[in-house]
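Worksheet for the structure shown next.
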Amino acid sequence: MKLSLHNTLGRRLQSFEPLHPGVVGMYCCGPTVYHYAHIGNLRTYVNEDFLRRSLEYAGYRVNHVVNITDVGHLTSDSDEGDDKMEKGAAREGRTVWEIAAHYTNAFLLDWQRLNLLQPSHWPKATDYIAQQIQLVQELESRGFVYRTSDGLYFDTEKFPAYGDFAGLRLDKLMAGVRVELGDKKNPSDFALWKFSPVDKRRAMEWDSPWGVGFPGWHAECSAMSTALIGRTLDIHCGGTDHIRVHHTNEIAQSECAHDGEPFARFWIHNEFLKTEDSDKMSKSSGEFLTLQVLIDRGFHALDYRYFCATAHYRKFLTFSWPNLEAARDAHRAFRRRLKPLLDAWNGSRQGETDSVHEFSEGQKGWQAQFEEALGQDVNIPKALGIAQSLARDGNLTEAQRGRLLLDWDAVLGLDLAQDLPDPPPAIVDADQSAHIDALVAARTQARESKDWPEADRIRKLLADLQVVVTDTPTGPVWAFKG
Ligand code: AMP
Ligand code: ZN
């Protein structure tokens, strides 16, 4: 099976072959664990899972790395603003380390519920500080770094190809955008290492050859991908929002530190999950929806996975409750239709090996269509449509159809061999108080932004959970109804 992928580098469909035969090095930017992942973030991970499964279906072994950003990088792309982890800690009255542990666990639970394959490595940024320091040293010794009063910066002017990836010219890059230049030489220069303030200990800080501080937020992906995959990645993934700054900066750092060796051969960017009135769903906007909220509303995590499968990864997908309900109904109907087919296949192979069931001509035709859809830039909605049509094809026996569908589930990842388990209980025990904390924080946010319908919706969710919230001068506190 041949795969073509749309490469952001060059912006065209390109036939894919890994650098080392048989093995694909694939790096995906992971979550910053200062809050729950929202379903927009999760769409990106589901799409990356479709890609990973397609590569494995095509016969490759995938060395898949997803990082956990547990160092608080700053809230804006221009290295200004608050530290996200410290913000999370202040919001919830916990330490940054507790925040990181809690939201990492919540993320891993979502990962499992969505039936995403486990990556080969889950590196945490805080476990790779030495490698990040080494990267900065490599850049410094090659003359790409300058020092200001608050940190070490990458000098983008020294890397003439800087804007190429995003299709931007350096002098135009930030034109019209107000950026606090501070001591930086160019608006696009970015922090490699930030110093801790002299008068204050930060919750997360490390020694370095330049003084106590913490790494700039792009450094971790360059350092960890090199450590776990090598200098040149076959595939690097992320959301489209990362093209302009984060990935542009990763390329600059890695290629300059490695004397021009290409950083990633294929860049795959996932388009956003949007809402009907906004092009993005973000953690700071009112429509902060988690997988848990969907589950609380009676959906199964795999209904959401199916919903993601209905749109190609390069197209926007519009979230609304009716859209999700339509996907759930289609998903459930699909499973009902499949049940007798899978039973027939399981029944027919009792005591036999698969090899006695050579593919018929009819099966081969369907198989070719399915592989062709995957091969064309991982066209999952098309592949799903083919699976739907196959399920109805009366020219094949039930067992013949069941066999193919079970095999294709290696890519669709809907766990079709199992009956869909009942939706898990509204709240997983260990997660309960954190879930309520998050709802209370979302209620506060909605009230602050005067989004009364949202505040009201959250109030109802809390009431359903038998939770009473009392507003005090230091913020809201909650308790179960006595
Ligand atoms: P973050 O935790 O903000 O770094 O985001 C994790 C991943 O989700 C990144 O690959 C982002 O590009 C991606 N992402 C953020 N918002 C959305 C969205 N609304 N739809 C799809 N992907 C998103
Ligand atoms: Zn990254």
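The values are calculated or read from the model by the stated rules, or taken from the named source; none is laboratory data. On a predicted model such as this, the values are computed, not experimentally measured, just so you know. Please note: Cβ atoms are built from the backbone with ideal geometry, for glycine as well, and neighbour counts cover all protein chains shown.
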> Applying the selection to the stretch 19-37, what residues are of a type outside the set (A, V, I, L, M, F, W, C), more than 16 Å from ligand 2 (Cβ to nearest atom) and more than 19 Å from residue 217 (Cβ to Cβ)?
Replying inline: 20, 21, 22, 36
> For the stretch 176-242, which strands (runs of 3 or more DSSP E) that fit wholly inside it have 3 or more residues that are of a type in the set (A, V, I, L, M, F, W, C)?
Replying inline: 190-195, 233-239
> Mind checking which residues of the stretch 8-28 are part of a strand (DSSP E or B) and in contact (Cβ under 8 Å) with a residue 40 or more places away in the chain?
Replying inline: 13, 14, 23, 24, 25, 26, 27, 28
>> I'd like the full set of residues that are surrounded by fewer than 23 Cβ atoms within 10 Å (Cβ to Cβ) and more than 16 Å from ligand 1 (Cβ to nearest atom), limited to the stretch 227-240.
In response: 227, 228, 230, 231, 232
> What do you reckon, is residue 117 farther than 25 Å from residue 232 by Cβ and either without any contact (Cβ under 8 Å) to a residue 12 or more places away in the chain or more than 16 Å from ligand 2 (Cβ to nearest atom) (or both)?
Replying inline: no
> Within the set of pairs 6 or more residues apart or between chains, which connect a residue that is within 23 Å of residue 246 (Cα to Cα) inside the stretch 202-219 to a residue that is among the polar types (S, T, N, Q) with Cβ atoms less than 6 Å apart?
Replying inline: 205/196; 213/196; 215/132; 218/249; 219/132
>> Just to verify a result, which residue in the stretch 259-278, among those that are within 23 Å of residue 5 (Cβ to Cβ) and outside any strand (DSSP E or B), is farthest from ligand 1 (Cβ to nearest atom)?
In response: 261
> For the stretch 164-183, how many residues are modelled with pLDDT of 90 or more and out of contact with any Ser or Thr (no Cβ under 7 Å at 6 or more places or on another chain)?
Replying inline: 1
> Is at least one residue of the stretch 320-329 assigned to a loop (DSSP other than H, G, I, E, B) and touching a helix residue (DSSP H, G or I) at 6+ places or on another chain (Cβ under 7 Å)?
Replying inline: no
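Yes/no per residue for (1) part of a loop (DSSP other than H, G, I, E, B); (2) under 24 Å from the mean Cα position of the chain (by Cα); (3) at pLDDT 95 or above:
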{"position": "364", "(1), (2), (3)": "no, no, yes"}
{"position": "367", "(1), (2), (3)": "no, no, yes"}
{"position": "374", "(1), (2), (3)": "no, yes, yes"}
{"position": "381", "(1), (2), (3)": "no, yes, yes"}
{"position": "385", "(1), (2), (3)": "no, no, yes"}
{"position": "390", "(1), (2), (3)": "no, no, yes"}
{"position": "404", "(1), (2), (3)": "no, no, yes"}
{"position": "433", "(1), (2), (3)": "no, no, no"}
> (1) surrounded by 23 or more Cβ atoms within 10 Å (Cβ to Cβ); (2) within 27 Å of residue 99 (Cβ to Cβ): which one isn't true of residue 68, the others all being true?
Replying inline: (1)
>> On the basis of being under 30 Å from residue 320 (Cα atoms), within 16 Å of ligand 1 (Cβ to nearest atom) and modelled with pLDDT under 95, does residue 32 make the cut?
In response: yes
> Name the pairs whose Cβ atoms lie under 6 Å apart, with the first residue in the stretch 265-280 and among the hydrophobic types (A, V, I, L, M, F, W, C), the second outside any strand (DSSP E or B) and within 16 Å of ligand 2 (Cβ to nearest atom), and 6 or more positions between them or separate chains?
Replying inline: 267/8; 267/9
> Among 349, 305, 337, 297, which is out of contact with any Ser or Thr (no Cβ under 7 Å at 6 or more places or on another chain) and surrounded by 16 or more Cβ atoms within 10 Å (Cβ to Cβ)?
Replying inline: 305
> Within the stretch 364-376, restricting attention to residues that are surrounded by fewer than 18 Cβ atoms within 10 Å (Cβ to Cβ) and free of Cβ contacts under 8 Å to residues at least 60 places away in the same chain, which residue is nearest to residue 314 (Cα to Cα)?
Replying inline: 372
> Counting just the residues of the stretch 205-225 that are crowded, with 23+ Cβ neighbours inside 10 Å and more than 16 Å from ligand 1 (Cβ to nearest atom), which one comes out nearest to residue 141 (Cα to Cα)?
Replying inline: 223
> Are any residues in the stretch 369-406 of a type in the set (D, E, K, R), in contact with a Leu (Cβ under 8 Å, 6 or more places away or on another chain) and over 22 Å from residue 343 (Cβ atoms), and if so, which ones?
Replying inline: 377
>> Looking only at the stretch 131-170, count every residue that is without any contact (Cβ under 8 Å) to a residue 12 or more places away in the chain and more than 21 Å from residue 10 (Cα to Cα) and tell me the total.
In response: 1
> residue 40 is checked against (1) closer than 20 Å to residue 272 by Cβ; (2) of a type in the set (Gly, Ala, Ser); (3) assigned to a loop (DSSP other than H, G, I, E, B) and fails just one. What number does that condition carry?
Replying inline: (3)
